[in-house]
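Here is the structure we will look at.
The values are calculated or read from the model by the stated rules, or taken from the named source; none is laboratory data. These numbers were taken from a predicted model, which means no experiment stands behind them. Using ideal geometry, Cβ is built from the backbone for each residue, glycine included, and neighbour counts are taken over all protein chains shown. Side chains included, ligands, DNA and RNA excluded: accessible areas come from the protein's heavy atoms. Shrake-Rupley method; radii C 1.70, N 1.55, O 1.52, S 1.80 Å.
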Amino acid sequence: MQSAFYTASNSHQFPLPWKILETQLTAQRPFPKRLKTCFKAPTFTNSLRTSIGYEPEESLGKEPGPATPGHLPVVIRRSGRVSRYFWDGSCLQLVGVDGGAASFSFNFEDGFRKLYRICSLAVRDFFIPKQVSGNYMDYVKWKFLHRVFSSALQVLATQAMFRAIGIGYSRSLPAAAALNWLLKEGLGRLSRCIYTASLASAFDTNLKRVRFSTSVLFSLSLGVELLTPAFPQYFLVLASLANMAKQISLACYLVTGSAVHRSFAIADNLGEVSAKAQIQTVCFDNLGLLLAALLNMLFKNSQRLQTALPFFVYPIFSVIDLFAIYQGLKHVHLQTLTKDRLEILLNTWIELGYVPAPAEVSKEEGIDFLRSKDRGLWPIRIGYLDPKNQIPELSMMTMRSTSGEDYYFISMEIFYTRIRRSRRQGILICVREGASTTDIVMGLLQACYIRKSHLMNKYRWENLFDAGDELESALKEWSKLIEECKRRAQGDMCLLNKQMLNLGWAMKNILLSSQEQIRYSFVDD
């Protein structure tokens, strides 16, 4: 008996369970026919059960395992194609279930749609990163217009400069032309270094305004280069000025590029977004070169028309270029906090009771190219008390009451506008050395509450600047307002921070300008 058990357990002729099932299935229905029936005409829809012929009623209460021949409950999507694992009893296969491999009849319309889908997915994978924010595609569309027309203008401007220095004519002096070219390049790079060093912090705090301003400067520089053939004797002066403006614009474009790309990267894939941006720039610029070449070929038979061509297309291309840049910047939603961005956020929190998303703040922030946006009544400033401005006695008393436990103090100030030279009142936040991001947020929130109180009692607080003999009572009233607004700010901080983090705001640091970064030290005499 023991010997019989041993023989049965070690026999190679023992039929395995799945072999028995395979034999039974083969006897009942030939296996190839089952394959033909199962994949007769699969269609791809949003529902996996519909697209792969899955019938939940038949499999209810059963537990299909990998040993059972048939479909496995795993579907793979790659490059727009859908495939499902299939086990035929001896090997594992990956079979397409989107109709590509199983359709035996060719429909021209369906084939065209499939070809269009495959091509569009290939182009998308080539140009667009995998994980980006929803506004990225709108930005790329406007970037396409910007790069194409800007590149075409640069080609026309370079041709004009070549004509100005006489390249291609027998009377030209190669050595003099090369010297002029090197001089203009050297002056341009020097101005680029000076500009970058002088506006280091502005690239973070006023990114959109600086970028659009330099784009306008770049467009004007191309216009100056187009004028060089008309004034060849002033080639060095005109070309140097134009190249200085171009180098400044290029410096701004390179410096701000990483911040723009980071705003679209939602999965820490900054490298991928930057790489795709380089691909887009190269391809779009090549289309611009092609556009310029077509224009030159169109007017090649007329030297006069070819000379006048840049002056005709310059205003049209420049307007399209700047309009595309302006619209593209509207779709850049920065998650970093600046003083202006944080003030918009806190005002919304106070007035409407919720934290706005970066897209909403970006829309209200705008670009403010001409700095014409009105700061409103009682504007808030971060910095220090400037003795050149009129400082109320109430502010002096506030400074005296500051203790070593405070990391900021809030006072009132009087300043004069630059344009109309009108007298206005404002709120100043002075930040102490060692203050954290939370201290700055809380100080600005407290200042926003104070401003709301001032706006509700406008004439009452304006009279406090000229309190005179009633300075002591005014100081008590001011101190009471400060404490009340501070308690409200402290009560909001926990929920405010939580909602800001949930919406993707970067809470680690607040980007401040050079004037806003000035701190005070507390000295206890």
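Here are the numbers for this structure:
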{"quantity": "Charge tally in the Cβ shell below 14 Å around Arg262, where Lys, Arg are +1 and Asp, Glu are -1, Arg262 excluded", "calculated": "-1"}
{"quantity": "Table column - 3J(HN,Hα) (Hz), the stretch 135-150, Karplus curve with 6.51, -1.76, 1.60, x for Gly and Pro", "calculated": "8, 5, 5, 4, 5, 5, 4, 6, 5, 4, 4, 4, 5, 5, 6, 5"}
{"quantity": "Fraction of accessible area attributable to carbon and sulfur, the stretch 210-355 (%, probe 1.4 Å)", "calculated": "69 percent"}
{"quantity": "Cut-off 13 Å between beta-carbons: net charge of the residues surrounding Phe369, Lys and Arg +1, Asp and Glu -1", "calculated": "+4"}
{"quantity": "Amide proton proximity set for Tyr520, modelled H, under 5 Å, gap of 5+", "calculated": "Val431, Arg432, Glu433"}
{"quantity": "Heavy-atom surface of the stretch 246-405, accessible at 1.4 Å and reported per residue (Å²)", "calculated": "53 Å²"}
{"quantity": "Exposure rank, largest accessible area first [Tyr520, Tyr116, Tyr354; 1.4 Å]", "calculated": "Tyr116, Tyr354, Tyr520"}
{"quantity": "5 angstrom amide H check on Val82, placed H, neighbours 5+ away", "calculated": "Val97, Asp98"}
{"quantity": "For Thr338, residues with placed amide H under 5 Å, excluding near neighbours", "calculated": "Leu511"}
